[in-house]
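Chemist: Encoded as structure tokens, here's the structure I'll be asking about.
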Amino acid sequence: MLESKRLYIRQMNHSDFKEISKMLQNSEVMYAWEHAFSDEEVTEWIDRNIQRYNNDGYGYFIVIDKYIDDVVGQIGLIKQDIGLGIGYIVKKEHWNKGYATEGATICIDYAIRNLKVDTLVADIRPENIASINVAKRLGMKKISEYDKIYRGQAMKHDVYQLKVTGLTTKIVEIVDYNPNWKYEFEKLKSTLEKTLGNSILKIEHVGSTSVEGLSAKPRLDVDIIIEDYSYLNDVVSRLKKLGYRHLGNLEVEGREAFSYETTNFMEHNLYVCPKDGKGYLEHIKFRDYLRLNPDKVKEYSDLKKKLAKLYRYDVNSYCDNKTDFIRGIID
């Protein structure tokens with residue numbers, strides 16, 4: 001159903017009884033539950049998750065390492081009273097291999113993109129340090145604690161929350177430079193030029209996808225250049241015919257931002273800028289400097305990859321922590 005470079009994730013069924021038992025009947029794996037499951041409880045576990053698939057479309061999933069062709073754990077999304085939860089159980093022999101973090105990331109990405117959620121939670125026993133460390137690697141923060149009643153017993157749990165931030169980009173993904181980006185820009189540029197005609201001066205490919213060799217989010221940045229703001233209303237009207245909506249300057253001087261519901265082109269950020277506007281001039285300065293300085297391209301790529309790991313679901317913090325590097329080059 002879902003996959004990453006290393007993992008394949010699918011729904012469980014009763015033929016998985018043996019593999020699921022290796023987890024649920026291992027007292028070390030199940031120490032947070034304070035008991036190993038019986039055969040009957042394992043069967044009930046499978047039935048319960050099949051019911052979740054039917055009712056909610058998700059539950060605990062089977063996680064398989066594609067390279068060793070082995071079930072390594074169960075990871076998934078669970079509807080709880082405290083919110084949509086992320087859960088992970090990994091076989092004892094596969095602890096400390098990054099499976100929980102990688103599998104949970106796949107499921108969280110799915111929840112954000114397909115279920116359109118912006119908040120997920122995990123309830124974890126305070127002594128479960130391994131699970132807490134996974135939650136922290138996922139960007140989750142402790143927000144509360146409560147007593148969870150399980151088998152008639154009150155068990156203290158800490159609640160960790162992941163709140164996705166950012167206006168348009170919900171997941172920060174940085175990939176290696178792709179030569180196709182420049183061709184995707186040219187296709188978009190051609191359509192825009194036909195619609196905008198002599199209302200504009202030119203269209204520029206800016207941002208990280210415009211610099212050869214620079215790692216970037218796979219999303220174009222495009223500046224439409226006008227003589228001055230007297231042309232803006234006409235451009236706004238023409239862009240509206242293509243499905244773009246004017247958002248204003250979003251508190252950035254010298255550029256007007258636009259959004260779209262659907263597009264036939266590669267995902268992109270679109271801006272309209274006066275030729276002497278600060279926004280446009282800084283875009284060009286930054287792009288052209290990087291094009292002439294490959295050492296800075298590598299430095300910026302490394303920085304972005306590092307920040308993307310730290311702030312995968314917090315695009316605002318990701319952008320804020322790039323500011324000093326960008327400002328240094330512009331200055």
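The values are calculated or read from the model by the stated rules, or taken from the named source; none is laboratory data. Everything numeric in this text was worked out from a predicted model, so none of it was measured. Every residue, glycine as well, gets a Cβ built from its backbone with ideal geometry; the counts of neighbours run over all protein chains shown.
Chemist: Only one of D302, D228, D234 is surrounded by fewer than 13 Cβ atoms within 10 Å (Cβ to Cβ) and over 30 Å from C107 (Cβ atoms); which?
Modeler: Only one candidate passes the filter, namely D228.
Chemist: Let me ask something else about it. Starting from segment 299-324, take each residue that is assigned by TED's automatic domain parsing to the domain that holds V252 and at pLDDT below 90 and list its partners that are buried (at least 17 other Cβ atoms within 10 Å of the Cβ) and of a type in the set (S, T, N, Q), counting only C-beta distances under 6 angstrom and pairs at least six apart or across chains.
Modeler: Note: pairs meeting the criteria are V315/T169.
Chemist: Sticking with this structure for a sec: Considering only residues of segment 92-126 that are without any contact (Cβ under 8 Å) to a residue 60 or more places away in the chain, of a type in the set (D, E, K, R) and farther than 15 Å from I82 by Cβ, which is surrounded by the fewest Cβ atoms within 10 Å (Cβ to Cβ)?
Modeler: By that ranking, first place goes to K116.
Chemist: A further question follows. Could you run through segment 260-281 and say how many residues are of a type in the set (S, T, Y) and either part of a loop (DSSP other than H, G, I, E, B) or modelled with pLDDT of 95 or more (or both)?
Modeler: 3
Chemist: Follow-up question, since we're still on this one. Say we look at segment 44-78 and pick out the residues that are hydroxyl-bearing (S, T, Y) and under 22 Å from the mean Cα position of the chain (by Cα); which of these is surrounded by the fewest Cβ atoms within 10 Å (Cβ to Cβ)?
Modeler: Result: Y58.
Chemist: Run N178 past the list (1) part of a strand (DSSP E or B); (2) modelled with pLDDT of 90 or more and report the number of the one that doesn't hold.
Modeler: (1) is the only condition that N178 fails.
Chemist: Further, regarding this structure: So which of L281, L303, L290 is under 30 Å from K241 (Cα atoms) and of a type in the set (A, V, I, L, M, F, W, C)?
Modeler: L281
Chemist: A further question on this structure: Can you find even one residue in segment 160-167 that is at pLDDT below 95, among the β-branched types (V, I, T) and closer than 24 Å to N114 by Cβ?
Modeler: yes
Chemist: Within segment 231-241, is there a residue that is in the same structural domain as L303 (by TED's automatic domain parsing) and part of a loop (DSSP other than H, G, I, E, B)?
Modeler: No, because not a single residue in segment 231-241 is in the same structural domain as L303 (by TED's automatic domain parsing) and part of a loop (DSSP other than H, G, I, E, B).
Chemist: Looking at segment 201-249, which of its residues are more than 26 Å from N178 (Cβ to Cβ), touching a residue at least 40 places away in the same chain (Cβ under 8 Å) and β-branched (V, I, T)?
Modeler: Once the filter is applied, which keeps residues that are more than 26 Å from N178 (Cβ to Cβ), touching a residue at least 40 places away in the same chain (Cβ under 8 Å) and β-branched (V, I, T), segment 201-249 yields only I226.
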